[in-house]
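Here the structure is laid out as structure tokens; the discussion comes afterwards.
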Amino acid sequence: MEKVNISAKLNTFNEYWNPKIVGDINESYVKLAKLKGEFVWHMHENEDEMFMVISGKLVIRLHAEDITLNEGEFFIIPRGIEHMPVAEEEVHVMLLEPKTTLNTGNVKNERTVEVLEKI
């Protein structure tokens, strides 16, 4: 057991769209990521996904609407819902998702991170 300082962990990396594991709970990982720009449209067929904004502003594009998340807010994307995160400026997020979740879901491209780093 150990406590985690979110700010200290975020200071250990600079790359965008490359989530880092900072903890695990049951069959899920707690991840931190820095985001900037547009990601890719994708979905997770078998996993729900939670985005919590630590700092900045994140837009989750859905086909039906855009969800804007400000600091201290979170949104759970149910499995099977196609979405695309967008960060006009740098955003720091915490993700809570099953260990089986691939960051690009049903899409594999240069942004896919198959092996996550634990920090």
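The values are calculated or read from the model by the stated rules, or taken from the named source; none is laboratory data. Treat the numbers as computed from the prediction; the structure is a model and nothing was measured. Don't worry about glycine lacking a Cβ; one is built from the backbone with ideal geometry, like all the others, and counts go over all protein chains shown. Accessible surface is based on the protein model in full, side chains and every heavy atom, while ligands, DNA and RNA are left aside. Shrake-Rupley method; radii C 1.70, N 1.55, O 1.52, S 1.80 Å.
Per residue, the accessible area of the chain comes to 58 Å², computed with a 1.4 Å probe over protein heavy atoms only. Gyration tensor analysis over the Cα atoms of the range 1-56 returns equivalent ellipsoid semi-axes of 20, 18, 9 Å (largest first, whole Å).
Once the dipole of the range 22-119 is set up with Lys and Arg at +1 and Asp and Glu at -1 on Cβ about the Cα centre, which of Leu95, His42, Val113 lies farthest towards its positive end? The residue sitting farthest along the positive end of the dipole is Val113. For the pair Asn106 and Ile67, a Förster radius of 22 Å applied to the C-beta separation gives a FRET efficiency near 0.65, rounded to the nearest 0.05. Model label points for Asn18 and Val4, set 7 angstrom from Cα along the Cα-to-Cβ axis, are 1.8 nm apart. Potential lengthening of the chain between Val113 and Met84 amounts to 8.8 nm, from the contour at 0.36 nm per residue minus the alpha-carbon distance.
Of the cross-linked pairs Lys9/Lys31; Lys36/Lys57; Lys57/Lys108; Lys31/Lys108; Lys20/Lys108, those separated by over 22 Å at the C-alpha level are Lys57/Lys108. Each Cα pair of the chain feeds into the Kirkwood radius, which the Stokes-Einstein equation turns, at 10 °C and 1.306 mPa s, into a diffusion coefficient of 111 µm²/s.
When Asp48, Asp24 are compared by accessible surface with a 1.4 Å probe, the order from highest to lowest is Asp24, Asp48.
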